[in-house]
Amino acid sequence: MRVLRTGAALILVAVPFAVLLVAATEWFNPPFTDDQIRASIVDTWEPRAMVTFAELVALVLVGLALVAALLCMLAATLTYLNHARLTARATALTGQTFGPLDGLL
C-alpha cells in the first residue's frame with residue numbers, strides 16, 4: 001500500500017513537472033521551422049495539437065487529484081480539531097480524561 005501511495009505522489013508531481021519542462025523548452029525553442037509548417041500542417045501542427053490536448057487532459061486530472069487531496073487534508077484537520085474541541089469541553093465539564101490524541105488512541 002505504501003508503494004502505491006508513493007507512486008501516486010510521484011505521478012502527481014512528475015506529470016506537471018514533465019509537461020512544464022516540455023512547454024518551457026518549446027517556448028524558447030519551437031518544435032518546427034516555418035518551412036516545415038508551410039510544407040505540412042498534417043506532420044507539424046496536427047500531431048502537436050493532439051499532444052497538447054493530451055497534456056491538458058492529464059494536467060486537469062492531476063489538478064483535480066491535487067485539489068481533492070487538499071480538500072481531504074482540510075476536512076481531516078477540521079474534523080480532528082472539532083473532536084479535540086469537544087474533548088476539551090467534556091474534560092472541563094466532567095473532569096474525565098480521554099488518553100492520547102484526545103481519546104482516539
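The values are calculated or read from the model by the stated rules, or taken from the named source; none is laboratory data. In this text, all values refer to a predicted model and were calculated from it rather than measured experimentally. Note that we place each Cβ from the backbone using ideal geometry, even for glycine, and neighbour counts take in every protein chain shown.
The set of residues in the range 31-55 being surrounded by 13 or more Cβ atoms within 10 Å (Cβ to Cβ) and of a type in the set (Asp, Glu) consists of Glu55 alone. Out of Ala92, Ala68, Ala58, Ala75, report the one residue that is surrounded by 13 or more Cβ atoms within 10 Å (Cβ to Cβ), assigned to a helix (DSSP H, G or I) and either touching a Lys or Arg at 6+ places or on another chain (Cβ under 7 Å) or without any contact (Cβ under 8 Å) to a residue 60 or more places away in the chain (or both). Testing whether each residue is surrounded by 13 or more Cβ atoms within 10 Å (Cβ to Cβ), assigned to a helix (DSSP H, G or I) and either touching a Lys or Arg at 6+ places or on another chain (Cβ under 7 Å) or without any contact (Cβ under 8 Å) to a residue 60 or more places away in the chain (or both) leaves just Ala58. Taking residues in the range 31-45 that are free of Cβ contacts under 8 Å to residues at least 40 places away in the same chain, and partners anywhere that are basic (Lys, Arg) and assigned to a helix (DSSP H, G or I), the pairs with Cβ atoms closer than 7 Å and at least 6 places apart or on different chains are Pro31/Arg48. Of the residues making up the range 61-102, just one is among the aliphatic types (A, V, I, L, M), modelled with pLDDT of 95 or more and either closer than 21 Å to Ala18 by Cβ or touching a helix residue (DSSP H, G or I) at 6+ places or on another chain (Cβ under 7 Å) (or both), namely Ala84.
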